[in-house]
Amino acid sequence: MSSTQQDVVIVGAGFSGMYLLHRLRGLGFSVQVFEAGPDVGGTWFWNRYPGARVDVQSITYSYSFDDALQQEWEWTERYAAQPELMRYINHVADRFDLRRDIQLATRVTAAHFDEAANRWEIETDRGSHVSAQFCIMATGCLSVSRLPDITGLESYQGDWHHTGAWPHDGVDFTGKSVGIIGTGSSAVQTITTIAAQVDQLTVFQRTPNFSVPAWNGHADHELAQQVKESYASYRQRARESFAGDIFDFSQTPAMSVTADEREAEFERRWGLGGFAFLVSFVDLVTDPAANAAAAEFVHRKIREQVQDPVVAELLCPKDHPFGTKRLCVDTGYYQVYNRDNVTLVDVKSDPIAAITPTGLRLESGTAYAFDSLILATGFDAMTGALFAIDIRGRDDASLQEHWSAGPRTYLGLQVSGFPNLFTITGPGSPSVLSNMMVSIEQHVDWVTDCIVYVRDHGLATIEAERDAEDRWVDHVNEVGAATLLPEANSWYMGANVPGKPRVFMPYVGGVGAYRIICDEVVAKGYEGFALKA
Ligand code: NA7
């Protein structure tokens, strides 16, 4: 049992934890990072399933904090694949000499606030104990993978893998029959990538998702050069935007233009690729008529691409409004179903009853056999990684109790009753609705400046006030309720985890507007936070 004193403990060495370490160390703080994985990278380390790729263009989905880094790094593809992201992450870790303060393969199990000492007492599964003034949860929003609540997995004789905890050395599916459960983003990327490799692929779909084309390809070096020449203003535009990305967010209501004009704009956006389609008009996720028009356009695209009309209909999402579950971004997903070796099975009308030694069985009794099973069944999003740690604040109260009816934060940054504890891209912040890199950098900068403020003013603690937290939670709910987003059974709503409170967790006010709010809070002397000497 080793015991040390630090200024700051950071939990997690993904994009957030790494940048936090870099900033805080540069400001003279002693910092210890704990990372559960055997290497840095967080979510990108684990999600190494076939075809794993970022859905935001890499010239935008990258660190902006160091100009030399962003000038020198060359992305090879428009949307970087996981191996390239890992090369980037490792390059950053080496370039900024981060590894010496990161203890790998060490899971933080508990973080308890000692009120008498105003310090966090942190325990790990390796028996180490650290006392720190500040504790920062850089634990990721999609970092706890979720196995489906289907019986019989332990009886399955083939090999099975969850996309979010993929074997480091990969899996060779050549010549194998493979079953995959799930049709979210991870499944869409996996299916598209392995379809040509496997002998037979059976896709078990409960809910079809809307997917738009990425039009991925080699990086456009001329464009990259242009961006680099004005990277500062490019990054600034992303920071001030709604989603932290550089695309033209339309201000036009969809129903204010003619049907032909609407069609032309949808078509143009479809051609641009990626999330640009989601903001073709200002009101796609607020006005039901606008939403229906977008859904109808995508349905038509699906029917055009899929030859078998029965399969095409099954692939058309009809049980939730367009854009209310995370939009998938694909490279030839729908066409995959034209292949002879790919079969789509609807497990909404005939649910999976059990996983069997050879495959799985549906409630109707229909059985499927396959050599390998892929579980693309998602994550306990946003709160899962925090609840995996026994976090206790004042009066020994646990975070889990405080959040029993859904997460409650002030600005997604702090929780009342938990002084000097911060969450990076926590619930109640734009996080998963945005380009995560922009939101991560904003939170890291805000938290770092806050810790400097506490130090420079000789303070002991900073803590969200209960009132401020209540008001923020109301605001997050109000903004969410003004959209169609709460209608879907999405992981944003906690709906994918049985028993999880049904609450719209991220803040949908936009990253630009949110940043202004956070900055104003600081300008008003950390309004809504109690500062104690
Ligand atoms: P998602 O988007 O949560 O997708 C999980 C999928 O697994 C989804 O299609 C689920 O269907 C399906 N699922 C889960 N449990 C079952 C059972 N029991 N039976 C059948 N199907 C099931 O996770 P992803 O990993 O794809 O993506 C997560 C995020 O990572 C993504 O949004 C991006 O932000 C990156 P359901 O919809 O619940 O009917």
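The values are calculated or read from the model by the stated rules, or taken from the named source; none is laboratory data. None of these values were measured; they are calculated from a predicted model. Every residue, glycine as well, gets a Cβ built from its backbone with ideal geometry; the counts of neighbours run over all protein chains shown. Remember, those area values only see protein heavy atoms, side chains included, never the ligands or the DNA or RNA. Shrake-Rupley method; radii C 1.70, N 1.55, O 1.52, S 1.80 Å.
Conditions tested, residue by residue: (1) surrounded by fewer than 21 Cβ atoms within 10 Å (Cβ to Cβ); (2) of a type in the set (Phe, Trp, Tyr); (3) part of a loop (DSSP other than H, G, I, E, B).
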site: Asn489; (1), (2), (3): yes, no, yes
site: Tyr492; (1), (2), (3): no, yes, no
site: Phe504; (1), (2), (3): no, yes, yes
site: Ile517; (1), (2), (3): yes, no, no
site: Glu520; (1), (2), (3): yes, no, no
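Considering only residues in the stretch 150-174 that are within 11 Å of the ligand (Cβ to nearest atom) and polar (S, T, N, Q), the one that is nearest to the chain's Cα centre (by Cα) turns out to be Thr163. When the criteria are applied in full, Ala243 meets the requirement of being part of a loop (DSSP other than H, G, I, E, B), under 23 Å from Ser143 (Cβ atoms), within 16 Å of the ligand (Cβ to nearest atom) and in contact (Cβ under 8 Å) with a residue 24 or more places away in the chain. Taking residues in the stretch 337-359 that are over 27 Å from Gln307 (Cβ atoms), and partners anywhere that are away from the ligand (no atom under 14 Å from the Cβ) and of a type in the set (Ser, Thr, Tyr), the pairs with Cβ atoms closer than 7 Å and at least 6 places apart or on different chains are Ile355/Ser155; Ile355/Tyr156; Thr356/Ser155; Pro357/Ser155; Pro357/Tyr156. Determine whether the stretch 147-154 contains at least one residue that is outside any loop (DSSP other than H, G, I, E, B) and in contact with a Pro (Cβ under 9 Å, 6 or more places away or on another chain). No, the conditions are met nowhere in the stretch 147-154.
Considering only residues that are among the polar types (S, T, N, Q) and closer than 22 Å to Val144 by Cα, which ones fall in the stretch 166-218? Spell out how you get there, then give the answer.
As a first pass, look at the stretch 166-218 and keep what is among the polar types (S, T, N, Q): 174, 177, 183, 185-186, 189-190, 192-193, 197, 200, 202, 205, 207, 209, 211, 216.
Thr183, Ser185, Ser186, Gln189, Thr190, Gln205, Thr207, Asn209 - these are the residues of the stretch 166-218 that are among the polar types (S, T, N, Q) and closer than 22 Å to Val144 by Cα.
Restricting Val188, Val178 to those that are touching a Phe, Trp or Tyr at 6+ places or on another chain (Cβ under 6 Å), away from the ligand (no atom under 14 Å from the Cβ), open to solvent by less than 20 Å² (accessible area, probe 1.4 Å) and outside the structural domain of Val108 (by TED's automatic domain parsing) reduces the list to Val178. The set of residues in the stretch 303-339 that are aliphatic (A, V, I, L, M), more than 16 Å from the ligand (Cβ to nearest atom) and open to solvent by less than 50 Å² (accessible area, probe 1.4 Å) comprises Val306, Val311, Ala312. Cβ separations smaller than 6 Å between residues 6+ apart or across chains give the following pairs from the stretch 134-149 residues that are within 10 Å of the ligand (Cβ to nearest atom) to residues that are among the acidic types (Asp, Glu) and modelled with pLDDT of 95 or more: Arg146/Asp380. For the structure I just gave you, tell me whether Gln225 is in a helix (DSSP H, G or I), open to solvent by 40 Å² or more (accessible area, probe 1.4 Å) and farther than 22 Å from Lys325 by Cβ. So Gln225 passes the test. Hey, among Ala381, Ala397, which residue is surrounded by fewer than 22 Cβ atoms within 10 Å (Cβ to Cβ) and within 27 Å of Phe504 (Cβ to Cβ)? Just a single option satisfies the conditions, and that option is Ala397.
Taken residue by residue, the stretch 68-77 has at least one member that is of a type in the set (Gly, Ala, Ser), in the same structural domain as Gly127 (by TED's automatic domain parsing) and without any contact (Cβ under 8 Å) to a residue 24 or more places away in the chain. A single member of Gly412, Gly378, Gly393 is modelled with pLDDT of 95 or more and within 16 Å of the ligand (Cβ to nearest atom), and it is Gly378. Being within 16 Å of the ligand (Cβ to nearest atom), open to solvent by less than 20 Å² (accessible area, probe 1.4 Å) and not aromatic (Phe, Trp, Tyr) is a property that Thr183 has.
Ala405 meets each of the listed conditions (1) open to solvent by 10 Å² or more (accessible area, probe 1.4 Å); (2) touching a helix residue (DSSP H, G or I) at 6+ places or on another chain (Cβ under 7 Å) apart from (2). Condition check for Val497 on (1) open to solvent by less than 40 Å² (accessible area, probe 1.4 Å); (2) over 30 Å from Asp149 (Cβ atoms); (3) touching a Phe, Trp or Tyr at 6+ places or on another chain (Cβ under 9 Å): one failure, at (2). Val203 meets the stated requirement of being within 13 Å of the ligand (Cβ to nearest atom) and either surrounded by 19 or more Cβ atoms within 10 Å (Cβ to Cβ) or under 26 Å from Ile440 (Cα atoms) (or both).
Listed here are the residues, each with its yes/no results for (1) open to solvent by 10 Å² or more (accessible area, probe 1.4 Å); (2) under 20 Å from Val438 (Cα atoms).
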| site | (1), (2) |
| --- | --- |
| Thr4 | yes, no |
| Asp7 | yes, no |
| Ser16 | yes, yes |
| Leu20 | no, yes |
| Arg25 | yes, no |
| Ser30 | yes, no |
| Gly37 | no, no |
| Trp44 | yes, yes |
| Ala52 | no, no |
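Of the residues making up the stretch 430-467, those that are under 27 Å from Gly28 (Cβ atoms) and part of a loop (DSSP other than H, G, I, E, B) number 4. Checked against (1) modelled with pLDDT of 95 or more; (2) more than 24 Å from the chain's Cα centre (by Cα), Leu223 passes all but a single condition, namely (1). All conditions but one from (1) assigned by TED's automatic domain parsing to the domain that holds Asp55; (2) open to solvent by less than 10 Å² (accessible area, probe 1.4 Å) apply to Ala388; the one that does not is (2).
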